[in-house]
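All remarks here apply to the structure that follows.
The values are calculated or read from the model by the stated rules, or taken from the named source; none is laboratory data. Everything numeric in this text was worked out from a predicted model, so none of it was measured. Cβ placement follows ideal geometry from the backbone for every residue including glycine, while neighbour counts extend to all protein chains displayed. We work out accessible area using only protein heavy atoms, side chains counted, and drop any ligands, DNA or RNA first. Shrake-Rupley method; radii C 1.70, N 1.55, O 1.52, S 1.80 Å.
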Amino acid sequence: MTVERTRVDLRTDGAAALEWAAGYLERVRELPVLAQVAPGEIRERLPDRPPEEPEPFSAVLRDLDEILLPGVTHWQHPRYFAYFSVSSSEPAILAELLAATLNSVAILWRTAPASTELEAVVLDWVAQLLGLPSGWHGHIEDTASTSTMAALIAARVATERDLVVCSEQAHSSVEKAARMLGMRLRTVPTDDELRMRADAIGDLSDAAAIVATVGTTASTGVDPVPAIAEASERGGAWLHVDAAYAGAAMVCPEFRWAFEGVERADSLVVNAHKWMLTPMDCSLLWSRRPADLRRAFSLVPEYLRTPDAEDALSLSEYGPALGRRFRSLKLWAVLRCHGASGLRAHIRRGVELASTFERWVAGDPDWELCAPRRFSVVCFRLKGDDDRNRELLARVNASGDMLISHAVLRGRHVLRLAVGQMHTTEEDVRFAWDVLRKESAGL
């Protein structure tokens, strides 16, 4: 019995897929930013059963346009200003295709030598760009949630303690990781600039880890890392620094103030997929204590032993996952095709556009700024009660013309505009400001 081959031809259908991708990036500005569908609507339009016979790839592209695209919230849109606005660039998109073609599975060095060794190289390159100490171990996890959990696991093994300490403004992934690991959590209050209060950290002699944040999710606050490092060293706790968003800004020397004291951290996470032109998922985790990571994660059963390469580096021994994708290829493509100068220009442009928006808000008596703008996120609100700001957020996002998000700071409902998409212009930011003022006038 012969197995029928797929009806897909990589050259012709691949060319069609690349044409679709290029066309999408050209026309994404014309699409509504927020998906214009109700929950369950996409599923209702899809068949209940898988096809019995092979279908052509053209049918997939057709249904992508007709069924799936209306259900896509377009993170690649230049007026996507929600959460941490991110951007995937053309070199990384092409590299993802190549990585899928090679389909390397890096369970061991021998199963993926190129993937394993390139990952070490690109993590070293990025460490140099960010001004990190030389010699740190670096590898890639999928997201900062996994990177943080890996750091907490290593901290628990290294200290034999079960308490995690973090700011009340720390990302929810810290609490979630503690919950999944059965560890206790204690939060530290923040000061007027939404930074962890060093004077409120307390005794860390029973703590496994303390998590400092450089660029908090709600307001991009920067915790006082040097003071936190002092406390962690006194108490013998592991210091993990979450710089998932703002870490990429350290490619620009003028932002290195935010990394003061980071050289004393035991581990650090920076997401290349947030502000470094790399698509999901690509979370960079460094540690100056790789032996503790390996002690926490190394488990090599007999069927994975390779006598001819027993001493070779296998990155699966330094994190939770055994199977690992060739993620470094897309980051390598970004670093080579954009260069350090291109990354710096991208970061500086986002910060400049956010600064421009901040000036407009500050100059309008009907609006107020709600937190210091340190990077490319502006926290602001329409003066008045929370209900007005909630209604304004709903109206602005429902239009599909733009997308922003919100946070609660000091008990108040605050709007957030984040700049990070590589094709966002001042005209787009001006458009957002005009929409906000227009919709606020109609409340």
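The table below lists the values:
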read-out	value
Entirely in segment 164-283, the strands (runs of 3 or more DSSP E) that have 2 or more residues that are open to solvent by 50 Å² or more (accessible area, probe 1.4 Å) and at pLDDT 95 or above	184-188
Segment 27-56, subset touching a His at 6+ places or on another chain (Cβ under 9 Å) and among the β-branched types (Val, Ile, Thr), residue nearest to Trp75 (Cα to Cα)	Val33
Segment 301-341, subset more than 19 Å from the chain's Cα centre (by Cα), open to solvent by less than 40 Å² (accessible area, probe 1.4 Å) and of a type in the set (A, V, I, L, M, F, W, C), residue nearest to Ser283 (Cα to Cα)	Leu315
Residue list for segment 99-121, restricted to those being open to solvent by 40 Å² or more (accessible area, probe 1.4 Å) and charged (D, E, K, R)	Arg110, Glu117
Count of residues meeting criterion [part of a loop (DSSP other than H, G, I, E, B) and in contact with a strand residue (DSSP E or B) (Cβ under 7 Å, 6 or more places away or on another chain)] in segment 301-351	2
Cβ-Cβ under 7 Å pairs, at least 6 apart or on other chains, segment 380-402 side within 23 Å of Gly363 (Cβ to Cβ), far side open to solvent by 40 Å² or more (accessible area, probe 1.4 Å) and among the acidic types (Asp, Glu)	Phe380/Glu368; Arg381/Glu368; Leu382/Asp366; Lys383/Asp366; Lys383/Glu368; Leu392/Glu439; Arg395/Glu439; Val396/Glu439
Any chance Leu393 is touching a strand residue (DSSP E or B) at 6+ places or on another chain (Cβ under 6 Å), of a type in the set (A, V, I, L, M) and open to solvent by 50 Å² or more (accessible area, probe 1.4 Å)	no
Options Leu369, Leu417: the member that is in contact with a Phe, Trp or Tyr (Cβ under 7 Å, 6 or more places away or on another chain), open to solvent by 60 Å² or more (accessible area, probe 1.4 Å) and within 22 Å of Phe255 (Cβ to Cβ)	Leu369
Any pair with Cβ under 6 angstrom, 6 or more apart, that starts in segment 255-273 at a residue that is on the phi > 0 side of the Ramachandran plot and ends at one that is β-branched (Val, Ile, Thr)	Gly261/Val225
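A quick yes/no check of all residues on (1) in contact with a Leu (Cβ under 9 Å, 6 or more places away or on another chain); (2) at pLDDT below 95; (3) within 16 Å of Gln76 (Cα to Cα):
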site	(1), (2), (3)
Ala407	yes, no, no
Arg410	yes, yes, no
Ala418	no, no, yes
Glu426	yes, no, no
Phe431	no, no, no
Asp434	no, no, no
Gly442	no, yes, no
